[in-house]
Amino acid sequence: MQPHALNPHYQPERIERDAQAHWDKGAAFRAGTDPGKPKYYCLSMFPYPSGKLHMGHVRNYTIGDVVTRFHKMRGFDVLQPMGWDAFGLPAENAAMANGVPPAKWTYDNIAYMKKQLKSLGFAIDWERELATCTPEYYRWNQWLFLRMLEKGIAYQKTGTVNWDPVDQTVLANEQVIDGRGWRTGALVEKREIPMYYFGITKYAEELLSALDTLPGWPERVKTMQANWIGKSVGVNLGFPYTLDGRPGVLRVFTTRADTLMGVTFCAVAAEHPLATYAAKRNTALAAFVDECKRGAVMEAELATQEKKGMATGLYVNHPITGDKIEVWVGNYVLMSYGEGAVMGVPGHDERDFEFAKKYNLAIRQVIDVGGTAYSLDGWEPWYGEHGRCIDSGKYDGLDYQGAIDAVATDLGAKGLGEKQVTWRLRDWGISRQRYWGCPIPLIHCAACGTVPVPDDQLPVKLPEDLVPDGAGNPLNKHAAFLNCACPKCGKPAKRETDTMDTFVDSSWYYIRYANPGNDKAMVDASVKRWLPVDQYIGGIEHAILHLLYSRFWTKVMRDLGLVEFDEPFKNLLCQGMVLNEIFFRKEGQGKIRYFNPIDVDITTDEAGKRSGAVLRADGKPVESAGIGTMSKSKNNGVDPQSLVEEYGADTARFFMMFASPPEATLLWSDTGVDGSARFLKSLWAFAVDYDQTVREKLPAARTLAVAKLPATLAATRREIHLNLRQANYDLGRFQFNTVASACMKMLNALKAAPRDNLSLHAEVTEEGLSVLLRVLSPITPHICHQLWRDLGFGEDVLRATWPEPAEAALVQDEIELVLQVNGKLRGHVKAPATATRETIEALARAHEAVSRLAEGKPVKKVIVVPGKLVNVVV
RNA sequence: GCCGGAAUGGCGGAACUGGUAGACGCGCCGGACUCAAAAUCCGGUUCCAGCAAUGGAGUGUGGGUUCGAUUCCCUCUUCCGGCACCA
């Protein structure tokens, strides 16, 4: 090719426009169909189209792009798609604020954010773009929902929601602030309403055990999932009772059946039938049960509230001794876990201990741990440990497992107990009383009941022109959607107006990327080529819910015969959150308004210490809610646009990768972005100099493979190859900040290379620059694309082969070892690279620092770490 | 409250399996160039003592294992993520 003359100035805007045009023209990122190449599916979590990209997106997608480009250059056929998680609450909030339908707001945002993504030069196959709010996508949500309904995986039962009594609407947890509705300030109530559920607990065992088949997942994520699923093996046991002359059994689940003889009370949830029964006869108890039912449904709130209880006046019988045991209502007992009732063993359960202390209930020690003396004064951690039964009648002397087995056998004989596995995981409630979501494809007929929408009537399309007003789901007032004919009897009927949880949309989008345009089927043969995902990249905040739901959905599709793999994501990289400060003002009635940090000034006192923060617009103070994830709802996102406009996409990408390793949390700050810009400018300047003064010195035939380089040039070349080796290693472990740093070191080395022998210098520089441009190209593709072409290395750096370090360039004749005396650095010793342990030890013993610091004491030991150090112990 | 993670100079961070703590960069200080500024280039920069050579301290806290610990074990503190209707 004809080399161009390089423009002496680095002009990112022009370079990036040209490179992007080149990629567009050649469809460079269209996923290939070459059967001779191994496939690689690199997926980043798709964004919610909130309006603008924020730095978390830039981080996520740059990581994905580096991985994608690296694999392309390594010879893989790579698929990197992009789409939009387009249903959700923020669109309804924006609609209420601006009077614009959620659909329009969403599609406008998508258009803008797509432009932003394109300007960053990501190697995305845009032909596969999808948005979950389109009927072409969500019809398959509906289709699979119906299949799950047929299989009994989807079913209906009641569920608890937050209810705003003023707006007469269901609130999301996020919309409940300090127990009040965010718009009305009204005290939130709990309500039981009918909902649809997915039976994810049917898959609990496999979701847990299959974690072991995922070596490419971070341990911390697997641990979190395992704890979330929460398998516990225990005993389900019954406390018989007689109520109004009729016999009954209070069922509880416990993992500590060995402490059964220490039971001094039982506690049930406020929603438990016994509580309901007792409340009817006891107004004080009824009031307490009501109090328990008020408040939000969040687990975090339940777990932090003060433990309270009240006696019901009802008694059950101890299943072994027959003793009377009083039943209490406890606000800490969850109806959704186990049987909604627990046995109280204050002697050996910390929560029960505190409860018993508070309400003066008996505390009985029935477990002995190593003979330690038990005291009722306060809880000691060992009280909860496993030990041997004491004061437990026939169970005395048994250990934990022995006692559990004996209790289970005894109670089993009476029909009052059996071993049981219980899960913390609950079934997935997918009904949302919201407009902007995928309609649940059901029809309610007065005569036929709930009837599924027939497949040939799918999709049930969501009208796109409604504007919610905050008082319930607008679909309920929209006759054209609501009224329909019953598919069974043909009489007038009503459509279900609940929509699906948006986690349903995101549970399978990665499968749809394989065949996004197929309007005949959910999946086709291309799924077999591309799935499962080879590398999934996304925020750690999705470690549990999204990833668990996706794993579940995959297994459901597998059991329906739609896919052949068991797990959707072979490898997972969880990037840390990008954080920023959160500023707000309270505006009465619990309403909170958030202000973007860019509009806030920090005030300082005389000593220069931070004293507060004010809104620039009105100079009045704002409060800080601390540091948190960049998000639309907290209005603390930073738009990358200005960064890209001022410095260019390559600088933004480089800076983002250089700032920290991907898995680390990153507190946003743009200090240091100048350094990244300076590096790229300096690379350009070096390339210009190479083009103008160095290239002409290149010999007609290259000699690098055979030439004996002078020591200084050999050091330069060694530095290049050392850094290449480091970069390749770091790319493999996704530590891109040190890859960026290795590139900087390579440039520093090339700049410092001595120019004594111009021909050899030109050769070393040519090789070094070609290595540098290739290693750097996944991070800053535009500048590398341009330089690769213009310096005559080849047509397209994306199609160049990935460089590997040359062993010959790495060898050295003499190495410097660290000399330690008693583990402290005291000097250095030079030794031939081939020196034996004995030689090194002798050199160390002879060293001046050793005789000085030994002060006549004999040398006890010499430790030699080959190639690294020698430690003399005196 | 429960589950998971993190903590290293003024700042972001580096240190591959326990082996030179602070790579690379930012910032700052000094210098060169310039009428001046910007840009660029050169030098310095963990803290303490010292002119220096050098010595001492040092990776959130307190302890332990080791010839040697940022790295392994235990304790505590603070911050971040998740907690099922934010996505």
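The values are calculated or read from the model by the stated rules, or taken from the named source; none is laboratory data. Keep in mind it's a predicted model, so treat the numbers as computed, not measured. Virtual Cβ from ideal backbone geometry, glycine too; neighbours counted across all protein chains shown. Surface areas here come from the heavy atoms of the whole protein model, side chains and all, with no ligands, DNA or RNA. Shrake-Rupley method; radii C 1.70, N 1.55, O 1.52, S 1.80 Å.
The figures follow:
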item	result
Fraction of the pair-distance distribution of the range A:716-874 above 25 Å, Cα-Cα pairs, percent	49 percent
Cα extents of chain A along the three principal axes, largest first (Å)	107, 85, 67
FRET E, pair A:ASP469, A:LEU187, Förster distance 25 Å, beta-carbon r, rounded to 0.05	0.70
Distance between the range A:32-70 and the range A:819-849 - C-alpha centres, whole angstrom	50 Å
Table column - 3J(HN,Hα) (Hz), the range A:38-54, Karplus curve with 6.51, -1.76, 1.60, x for Gly and Pro	x, 8, 9, 9, 10, 10, 9, 4, 6, x, 7, x, 7, x, 9, 5, 10
Distant-in-sequence amide H partners of A:LYS39 (H built 1.01 Å from N, under 5 Å)	A:ASP77
Prolate/oblate/rounded label for the range A:730-791 (Cα gyration tensor, a/c 1.5)	oblate
0 to 90° range, to nearest 10: angle between helix A:781-790 axis and chain A longest Cα axis	20 degrees
Two-site FRET efficiency, A:ALA362 against A:GLN305, from Cβ-Cβ distance with R₀ of 25 Å, rounded to 0.05	0.50
Per-selection Rg to Rh, the range A:477-626 - Cα, Kirkwood hydrodynamic radius	1.19
The range A:400-534, dipole about Cα centre (Lys/Arg Cβ +1, Asp/Glu Cβ -1), debye to the nearest 20	240 debye
Cβ-placed point charges (K, R +1; D, E -1), dipole of the range A:716-874 about Cα centre in debye, nearest 20	880 debye
Karplus 3J(HN,Hα) series, Hz, for the range A:298-311 with 6.51 cos²θ - 1.76 cosθ + 1.60 (x for Gly, Pro)	5, 5, 4, 5, 4, 6, 9, 6, 4, 6, 10, x, 8, 6
At q = 0.12, 0.26, 0.27 Å⁻¹, base-10 log of I(q)/I(0) for the range A:637-703 (Debye sum, equal scatterers on each alpha carbon)	-0.47, -1.15, -1.20
Euclidean distance of C-alpha centroids, the range A:501-535 and the range A:79-154, integer Å	14 Å
Assigned charges on the beta-carbon of Lys, Arg, Asp, Glu; chain A dipole about Cα centre (debye)	440 debye
Part-to-part distance (alpha-carbon centres) for the range A:662-683 and the range A:748-764, which is given in Å	28 Å
Farthest positive-ward along chain A dipole, Cα basis, beta-carbon charges - from A:VAL467, A:LEU869, A:PRO662	A:LEU869
Added length on full extension, which subtracts the Cα-Cα distance from 0.36 nm per residue, A:THR801 to A:LYS751	15.6 nm
Computed log₁₀ I(q)/I(0) - Debye formula, equal Cα scatterers, no solvent, the range A:610-674, q 0.12, 0.17 Å⁻¹	-0.44, -0.82
Between helix A:711-732 and chain A: long-axis angle, C-alpha atoms, 0 to 90°, nearest 10	20 degrees
29 Å Cα-Cα threshold exceeded, pairs from A:LYS520/A:LYS555; A:LYS190/A:LYS491; A:LYS222/A:LYS308; A:LYS72/A:LYS570	A:LYS190/A:LYS491; A:LYS222/A:LYS308
Whether the range A:347-418 is rounded, prolate or oblate, judged on the alpha carbon gyration tensor where a/c under 1.5 counts as rounded	oblate
Crossing angle, helix A:400-414 versus chain A [Cα axis fit, 0-90 degrees, rounded to tens]	40 degrees
Signed unit charges on C-beta, dipole axis of chain A, positive-most listed residue A:PHE584, A:TRP217, A:CYS484	A:TRP217
In Å², nearest 10: area of A:LYS632 left accessible to a 1.4 Å probe	120 Å²
Beta bridge orientation in chain A: antiparallel %, DSSP, nearest 5	80 percent
P(r) weight above 21 Å for the range A:285-397, C-alpha pairs, percent	46 percent
Mean separation of Cα contacts under 8 Å (6+ apart) over length of the range A:408-548, as relative contact order %	23 percent
Amide H within-cut-off set for A:VAL453, under 5 Å, with H built and near neighbours excluded	A:LEU442, A:ILE443
Listed pairs A:LYS745/A:LYS868; A:LYS52/A:LYS751; A:LYS151/A:LYS419; A:LYS358/A:LYS414; A:LYS104/A:LYS151 exceeding 32 Å between Cα atoms	A:LYS52/A:LYS751; A:LYS358/A:LYS414; A:LYS104/A:LYS151
Placed amide H near A:ALA131: partners under 5 Å, 5+ positions off or other chain	A:TRP84
Under Karplus coefficients 6.51, -1.76 and 1.60, residue-wise ³J(HN,Hα) of the range A:679-693 in Hz, glycine/proline x	4, 5, 4, 5, 4, 4, 4, 5, 5, 4, 5, 4, 5, 8, 10
Radius 12 Å from Cβ of A:LEU798, net charge of other residues (Lys, Arg +1; Asp, Glu -1)	+3
Percent accessible area from carbon and sulfur atoms, chain A, protein chains only, probe 1.4 Å	51 percent
